[in-house]
Structures are given as structure tokens and as C-alpha cells.
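One structure below.
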Amino acid sequence: MTNPSNRRQFIRNSSFTGCAILLSGKLSAFTFPQDELPDPKKLNYCGYTCPADCQFLEASEKNDVELKKKAYEQWKIEEHYGIAFEADKIFCFGCKNSGKPAGVVLTNCTVRACAKDKQFDSCIQCKQLKGCDKDLWERFPDFHKSVVTMQKKYFEGKA
């Protein structure tokens, strides 16, 4: 997007929508700006960009037990990871925040672990992405397709 006000509006709107999509477990609706070259350094390891107003991050920064409980339930942490709610173990400071501890979601994210092992900033840099069968992609196949589409744009821009 070339117009800064359009970009701001896009970011504001997508951050609200993105958090709701992620928390609802419906990553299938994820899209990225088609007229921008994806930057792996600005993306999470899975290709997602967490919204600035993420409730899980807010709960973690404030150490708010009630907000953590909501995030725990919305993210279906017990269902996905079999971990009972303990306020001191339920937190998220972001996928790439190396100055903070990794919470239960990050420590159990196979996509993040793989990208870090391969020393990628984001899995869009991995040539095996299209055939990757990590659990995140199995739970959210449409999100996986969106990230593969983003990867194509990334590699086209590097050529």
C-alpha cells in the first residue's frame, strides 16, 4: 500500500480482525497485503503477524489472571496441549521476543521450533513449506495455503 493513511487503516482493521480470527481458532481467513513483499523479519515464524492489541499479550504484560484465563480458554490450550490452567504458566510475549520467557503456546509450537532450528526468520523462507505437515498446518489448512501464497510472493520478489 503506497498511501500511508490506507496502510494505517489496514493495520488498525487487520489487527482487530486478526486477533479475533486467531483467538477463535479460525486462521483460515488470514490474508496479507498483496502489493507488499513479505518480510520474514517482520513476520512470526509461522507467517502470522500478531495484532498490536492482542489480548493474550495484554494479559501477559499485566499479569492479569482473569485475562489469562480468557486467553487460555479462547486459545483452547487445554484441548491442544493438555495443560491445565496455571496463571504463572499461561503467558505469551510474542513469538520472537527473545528477551522474555516462552510460554506454553510457543514451547509447543512445532512450526516455530522448526523455523528456529533451520535458522529462518519465518517459515516462508523454507522450500519444504508447501508439503509441511506440522500440526498448525493440519489444524488450519487454509492458513497454510495463505502462507504458501505469501511464500510465492516472497520468492518472486527475491528473484
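The values are calculated or read from the model by the stated rules, or taken from the named source; none is laboratory data. The structure displayed is predicted, hence computed values, not measured ones. FYI the Cβ positions are ideal-geometry reconstructions off the backbone, even for glycines, and counts take in every protein chain you see.
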TODO: Would you check if there is a residue in region 148-156 being under 24 Å from ASP35 (Cβ atoms), β-branched (Val, Ile, Thr), in contact with a helix residue (DSSP H, G or I) (Cβ under 6 Å, 6 or more places away or on another chain) and in contact (Cβ under 8 Å) with a residue 12 or more places away in the chain?
DONE: yes
Open item on the list: Give me the residue from region 98-120 that is within 19 Å of PRO38 (Cβ to Cβ) and hydrophobic (A, V, I, L, M, F, W, C) and, out of that set, surrounded by the most Cβ atoms within 10 Å (Cβ to Cβ).
Closed with: ALA115
TODO: Take the residues in region 121-149 that are touching a Pro at 6+ places or on another chain (Cβ under 8 Å) and within 29 Å of GLU79 (Cα to Cα), then tell me which one is surrounded by the fewest Cβ atoms within 10 Å (Cβ to Cβ).
DONE: ASP121
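Could you please find all residues in region 96-105 being farther than 23 Å from LYS158 by Cβ and assigned to a loop (DSSP other than H, G, I, E, B)? I'd like the intermediate steps shown before the answer.
Let us first name the residues in region 96-105 that are farther than 23 Å from LYS158 by Cβ, namely 97-105.
Passing the criteria: ASN97, SER98, GLY99, LYS100, PRO101, ALA102, GLY103.
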Task: Count - residues of region 73-95 that are in a loop (DSSP other than H, G, I, E, B) and surrounded by fewer than 19 Cβ atoms within 10 Å (Cβ to Cβ) - done: 11
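For the subset of region 25-71 comprising residues that are outside any loop (DSSP other than H, G, I, E, B), more than 18 Å from VAL111 (Cβ to Cβ) and within 14 Å of the chain's Cα centre (by Cα), which member is modelled with the lowest pLDDT? Outline the logic, then answer.
Here is the first cut: in region 25-71, the residues outside any loop (DSSP other than H, G, I, E, B) are 27-29, 40-42, 55-62, 65-71.
If we keep only those that are more than 18 Å from VAL111 (Cβ to Cβ) as well, we get 29, 55, 57-62, 65-71.
Narrowing the set further to residues that are within 14 Å of the chain's Cα centre (by Cα) leaves 29, 55, 57.
Details: ALA29: 49, GLN55: 91, LEU57: 93.
This residue is ALA29.
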Open item on the list: Contact list please: Cβ distance under 9 Å, first residue in region 42-60 and polar (S, T, N, Q), second residue at pLDDT below 90 and assigned to a helix (DSSP H, G or I), pairs at least six apart or on different chains.
Closed with: THR49/SER14; THR49/SER15; THR49/GLY18; GLN55/CYS19; GLN55/LEU23
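Can you tell me which of CYS123, CYS132, CYS92 is of a type outside the set (Ser, Thr, Tyr) and touching a Ser or Thr at 6+ places or on another chain (Cβ under 6 Å)?
On the way: CYS123 fails: touching a Ser or Thr at 6+ places or on another chain (Cβ under 6 Å); CYS132 fails: touching a Ser or Thr at 6+ places or on another chain (Cβ under 6 Å).
Answer to the selection: CYS92.
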Open item on the list: List pairs: first residue in region 83-95 and more than 12 Å from ASN44 (Cβ to Cβ), second residue assigned to a loop (DSSP other than H, G, I, E, B) and among the basic types (Lys, Arg) anywhere in the structure, Cβ distance under 6 angstrom, at least six positions apart or on different chains.
Closed with: PHE93/LYS100
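Evaluate region 10-24: report whether one residue or more is at pLDDT below 90 and assigned to a loop (DSSP other than H, G, I, E, B).
Looking through region 10-24, none of the residues is at pLDDT below 90 and assigned to a loop (DSSP other than H, G, I, E, B).
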